[in-house]
Amino acid sequence: MFGPPGAGKGTQAQRIMDITGMPQVSTGDMLRASVAAGTETGIKAKQFMDAGKLVPDDVIIDLIKDRLLQADASNGVMFDGFPRTIPQAEALSQICKVSHVIAIEVPDDIIVDRICGRFTCSGCSSVYHDSFKPTMVSGECDNCGSTNFNRRDDDNQTTVLSRLNAYHKQTSPLASWYESKGILHTIDGDRAIDLITSDILSALE
Ligand code: ADP
Ligand code: ADP
Ligand code: ZN
């Protein structure tokens with residue numbers, strides 16, 4: 001699952017996971033868990049994440065290698081927000097076969113509104129938005145009923161601009177890299193969430 005911050009990668013990966021059973025592997029979620037646990041990886045990563053910069057490739061590649069050794073990864077996974085650089089993609093190609101790359105396209109001017117209104121359920125990690133995807137009952141998760149929610153420290157106006165900049169400079173060149181391998185599926189992400197999910201499911205067939 002490939003695209004700028006706020007494109008809807010996590011939202012869509014959760015839905016595809018619910019439908020297909022394929023586990024979602026989000027490097028952003030793994031890094032936030034390492035930061036919260038205070039591990040060596042978390043300590044190294046935090047300064048980059050706070051600044052909206054990419055975490056160094058070697059840190060990310062080690063995380064992915066460990067994750068793919070876990071039993072639930074043996075029949076395939078859906079990566080969300082990985083790879084983000086050509087060296088990461090090259091390292092990945094040495095460890096497993098990438099079958100599909102789903103590129104969700106959303107214009108920059110929409111990204112800032114998406115990021116600044118994002119919140120997630122603390123109980124089940126469902127993703128919401130103040131205006132675009134509010135909970136059905138105010139203050140209560142649709143999926144698990146929890147009344148606790150999180151907002152990310154890096155989901156602010158300043159950091160999102162550095163993240164977009166990193167995306168355009170370091171990550172977007174990967175689209176043509178994967179296109180040349182014939183596995184890139186481009187999807188318009190500026191539409192209703194359900195329509196995007198059905199396009200992704202068709203692309204995965
Ligand atoms: P978003 O959902 O907004 O795209 P993520 O949760 O995927 O954000 O990532 C949050 C931060 O974690 C990034 O700004 C970056 O610092 C770091 N990060 C996540 N995945 C990677 C990766 N594959 N390579 C380098 N840094 C990453
Ligand atoms: P990413 O993982 O690519 O950073 P998210 O899935 O976290 O993106 O989505 C970013 C924000 O945009 C969230 O608040 C989410 O609820 C909202 N969002 C996701 N998809 C859509 C969509 N198709 N239309 C409007 N808002 C969306
Ligand atoms: Zn929940």
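The values are calculated or read from the model by the stated rules, or taken from the named source; none is laboratory data. Everything numeric in this text was worked out from a predicted model, so none of it was measured. Backbone-built Cβ (ideal geometry, glycine too); neighbour counts: all protein chains shown. Ligands, DNA and RNA are excluded from the accessible area calculation, which covers all protein heavy atoms including side chains. Shrake-Rupley method; radii C 1.70, N 1.55, O 1.52, S 1.80 Å.
Couple of notes before you dig in:
- Candidates T41, T120, T147, filtered to the one that is within 18 Å of the chain's Cα centre (by Cα) and of a type in the set (V, I, T): T120
- Filtered residues of region 124-148 (kept if open to solvent by less than 60 Å² (accessible area, probe 1.4 Å), within 14 Å of ligand 2 (Cβ to nearest atom) and touching a residue at least 24 places away in the same chain (Cβ under 8 Å)): S126, V127
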